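The values are calculated or read from the model by the stated rules, or taken from the named source; none is laboratory data. Computed from a predicted structure; not experimentally measured. For accessibility, only protein heavy atoms count, side chains too; no ligands or nucleic acids. Shrake-Rupley method; radii C 1.70, N 1.55, O 1.52, S 1.80 Å.
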Amino acid sequence: EGMAPPQRILFPSEKICMEWQQRQRPGAGLHNLGNTCYLNSVLQCLTYTAPLANYLLSREHSRSCHQPVFCMMCRMEAHVNNVLHSSASAIQPWAIVSVLTRIGQRFVLGRQEDAREFLHCTVNAMQRACLSESSDLDISSQATTIIFQIFVGFLRSRVTCLSCKAVSDSYEAFLDVLLDIAAVPSVTTALEDFVKPKQLDGKDCFKCCRCDKMIAISKRFTIHCLPKVLTVCLKRVDQQGGKISKLVEYPEYLDLHPYTSQTGGEPLLCSLYAVLVHSGNSCHGGHFFCYVKASNGLWYEMNDKSVVLHDIDTVLRQQAYLLFYKA
């Protein structure tokens, strides 16, 4: 909304296949190469993101890629094909680990890192790869890559002047919705808090263009444009830097309609397909692993090299850090 139409369509949205095109057993586990559990768990969640995996398994990208040195899409394509086609129980993810500093300059092999940060850097690196052969593209065209359409949505921030009731909207792209869980029992309650209007006054006053003075305002965030895949991050760091270890309820099927900018219409049901877990009592240590729903419709715990079948009840009782929902 408010953006000019794209000058070029880099990847037609109708070509994005949300359902698995190949149904098979789960792929290989990933060996830990030295504090790489954060990387392994993120890679497994991405590998079982059906619209991304379908594209990478087709090898469409590498057939037309001309990047001479480094391309994150080519790396992910090689990794996903290796994982899902391997006859081994576990593989070493060197295709990704060997280019850690190209994914994010601050990543160092052997050091514990944050899974959310690695996810953001990996998605951004894939987006850059999709744009690498298209210079001087307008912003609307950049939003038509397969990566942007799968992972990136838009939030609307609506500011209402409490004096004259003037309304001002602004929009920002997001890779995940960060939820405060300190005082809530569930993800749905946290989402309700996320979209609840917040009154700002005092030092947080806003200059209203109509009143032409600093005035108290109401500010409300809503999800304005949903990505194909919604990533939800549960904020597990408290104000003192400690770990919030409590269990927070999250559903297998989530209706996102109450949290969007739309006031009417049908429910927007999304289904859970991956849960990334952080275990341990400190945010500065601990262990990352994940649960993923494979193309055969069954859930598996991916804990480094271990791949174990589980039921949905187990999946829904985890100390979740990142939740992945497919539209």
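Some points to look at:
- Fully extending the segment from S98 to S157, taken as 0.36 nm per residue of separation minus the present Cα-Cα distance, adds 17.3 nm.
- Listed by chain and number, the lysines whose C-alpha is less than 23 Å from the C-alpha of K293, apart from same-chain residues fewer than 8 away, are K15, K228, K305, K326.
- Candidates L46, L268, L230, ranked by Gaussian network fluctuation over the chain, Cα under 10 Å, top entry: L268
- The alpha-carbon of K198 sits under 22 angstrom from the alpha-carbons of these lysines, leaving out residues fewer than 8 places away in its chain: K165, K207, K213, K219, K235.
- Projected area, mean over directions - the range 13-326, Cα convex hull, nm²: 18.2
- Solvent-accessible surface ranking, highest first, for K246, K326, K213 at 1.4 angstrom: K213, K246, K326
- Accessible surface of K165, taken over heavy atoms with a 1.4 Å probe and every protein chain present, rounds to 120 Å².
- When the helices of the chain are scored as -39500 (n - 2.57) per DSSP H run of n ≥ 4 and the total is divided over every residue, the value at 222 nm lands at -7000 deg cm²/dmol.
- Heavy-atom accessible surface of the chain, averaged per residue, reaches 47 Å², computed with a 1.4 Å probe.
- Cα-based Rg and Dmax for the range 54-156, where Dmax is the largest Cα-Cα distance (Å): 14.7, 46
- For the range 203-324, the square roots of the Cα gyration tensor eigenvalues, ordered a ≥ b ≥ c, give a/c of at least 1.5 with a/b no greater than b/c, which places it in the oblate category.
- Shape of the range 129-273, Cα gyration tensor, a/c cut at 1.5: oblate
- Solvent-accessible area, 1.4 Å probe, carbon plus sulfur percent, for the range 49-204: 50
- For the range 254-314, the fraction of 1.4 Å probe accessible surface lying on carbon and sulfur atoms is 54 percent.
- Distant-in-sequence amide contacts of G153, defined by a placed amide H-H separation under 5 Å and a gap of 5 or more residues or a different chain, comprise F174.
- Added length on full extension, which subtracts the Cα-Cα distance from 0.36 nm per residue, S62 to K213: 48.8 nm
- In the assembled protein chains, F221 presents an accessible area of approximately 60 Å² (probe radius 1.4 Å).
- Tensor-based shape of the range 40-109 (alpha-carbon gyration tensor, a/c under 1.5 rounded, otherwise prolate or oblate): oblate
- Solvent exposure ordering (accessible area, 1.4 Å, most first) of K293, K235: K235, K293
- D304, D136, ranked by accessible area, largest first (probe 1.4 Å): D136, D304
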